[in-house]
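Working notes, beginning with the structure itself.
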């Protein structure tokens with residue numbers, strides 16, 4: 001009796017397998033629009049969008065579900081400029097996400113009633129090249145080349161180096177046998 005073949009069903013590979021993930025929307029896109037004359041560049045950083053003008057990181061745009069109190073526009077600055085910037089941005093505060101009372105990064109909270117107005121004012125300061133906003137990131141250290149793990153030392157006696165074989169005469173076993181014959 002002939003064997004029956006099982007029918008194999010070929011399924012088309014789903015097109016969704018090769019599709020790219022949809023790009024996340026840019027949080028607070030109006031900020032980038034306001035900085036267009038400076039041709040800012042952006043990089044994804046910590047699930048947020050970092051905004052660079054030339055070599056300086058000036059802002060981080062954040063709109064995430066975790067720690068919603070820190071959503072908004074983060075200003076890159078230093079502690080020495082906090083007081084003068086706080087006069088211009090009354091709702092500005094340190095980022096709570098880092099768990100420190102004072103941080104170099106300050107946030108213009110998205111929940112603040114004057115958020116858009118404050119964010120656009122920050123953009124005007126950046127356009128005017130205000131030295132209080134923006135930081136040149138520290139240079140990244142070159143990654144160290146990985147070392148191969150050192151082999152573990154052998155336990156017990158170390159093997160002796162083998163000497164090249166030289167004719168030494170009859171082996172011990174032969175010597176014994178030749179003596180026993182006598």
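Read-outs throughout are calculated quantities, based only on the coordinates presented, and are distinct from any laboratory measurement. These numbers were taken from a predicted model, which means no experiment stands behind them. Counting neighbours? That spans all protein chains shown, and the Cβs are built from the backbone with ideal geometry, glycine included.
Maximal additional length on extending the residue 84-residue 33 stretch stands at 15.8 nm, based on 0.36 nm per residue less the C-alpha distance. As a calculated quantity, the FRET efficiency between residue 136 and residue 25 at R0 = 35 Å, using C-beta atoms, amounts to about 0.75. With R₀ fixed at 22 Å, the C-beta to C-beta distance from residue 65 to residue 128 puts the FRET efficiency at about 0.05. Is the C-alpha gyration tensor of the stretch 68-138 telling us rounded, prolate or oblate? Criteria: a/c under 1.5 is rounded; beyond that, a/b larger than b/c is prolate, otherwise oblate. In terms of gyration-tensor shape, oblate. For the stretch 22-127, the percent of C-alpha pairs falling in each 5 Å distance bin, counted from 0 to the bin holding the largest distance, reads 2, 13, 25, 27, 21, 10, 2, 0, 0.
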